[in-house]
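Structure, as C-alpha cells:
What follows draws every value from the coordinates through simple rules; no lab data is involved. Because the structure is predicted, anything quoted here is derived from the model rather than measured. When we count neighbours, we look across all protein chains shown, and the Cβ atoms used for this are built from the backbone with ideal geometry, even at glycine.
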Amino acid sequence: MTQSRKRWPVSLMARTCAAMLLIVAAIPCVLLGTFLPFALAAQAETDRSYFAQFQQAAAEMERTGRLPARPPAGTPEGPSIYPVSTNDWNCPAALPVRRSDRFTLSFWRGEWTECYAHPSGVTTLRTSLTAQMRGSAGQLFLILWLVGIGAIWGAVRLMRGFRAAATAAGWV
C-alpha cells in the first residue's frame, strides 16, 4: 500500500505566495530607503560646487559687466554651470528674488533650471542633506520606508498562523 503525498490546501498556498510577494516588494523599498540619504549627500556636494561656480560667475559679471563664457581659471574639474545665462524667466516663481538683487544667473541642468540671485545669494540649489530631505526626496524616503515596513508587517500577519494552519491541514 502506497501512502499518498499530502498536498497543501489552496488557502495556505495563497497566503504563502502573498507573503512572499510582500517580502519581494519590501526588499527593494528598504534597500532604496537605506541608500537614498547617501545619494542625496553626494547630490548636495555637487550642488555646493554649482553654488561656488555661481558665486564666481557673479563676481566676474560684477567686475567686467558681462557673463563669463567659460569657467574661470582654478575652477575644479567636474560638473559645470557653463554656459550660464541671465534669463530669469527660466527661474521658478519659488526663487524669492529680493529688490536689492542686481541680476539673476541661471543654467539648464538637463531637466530643470537652477538659479542664483546676486548679491543676496538666494538659490534654487539644495546644498545640504537637510535641504535635500525637505524636498521631494524626503517624501520619497518616507514613502519607501512606509511601503517597506507595511509589506513586512503584512507578510508577518499572513504567516502568523502558518504553523497552526499547516498542522490543521495535516501537512506538518
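Below, the figures for the structure above:
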| read-out | value |
| --- | --- |
| Region 41-55 - phi-based ³J(HN,Hα) in whole Hz, Karplus 6.51/-1.76/1.60, Gly and Pro as x | 5, 5, 5, 5, 5, 4, 5, 5, 5, 4, 4, 4, 5, 4, 4 |
| Added length on full extension, which subtracts the Cα-Cα distance from 0.36 nm per residue, V122 to R63 | 19.3 nm |
| Label-point gap, in nm, between L21 and Q139 - each point 7 angstrom along Cα→Cβ | 2.8 |
| Relative packing of peptides 48-59, 104-115 - highest average C-beta neighbours within 10 Å first | 48-59, 104-115 |
| FRET efficiency for W112 and A39, using Cβ-Cβ distance with R0 set to 22 Å, rounded to 0.05 | 0.80 |
| Set of region 95-134 residues, backbone N closer than 14 Å to the point 7 Å along the Cα-Cβ line of R48 | 126-132 |
| Label-to-label distance, nm, for residues given as T130 and M13 (7 Å Cα→Cβ offset) | 5.6 |
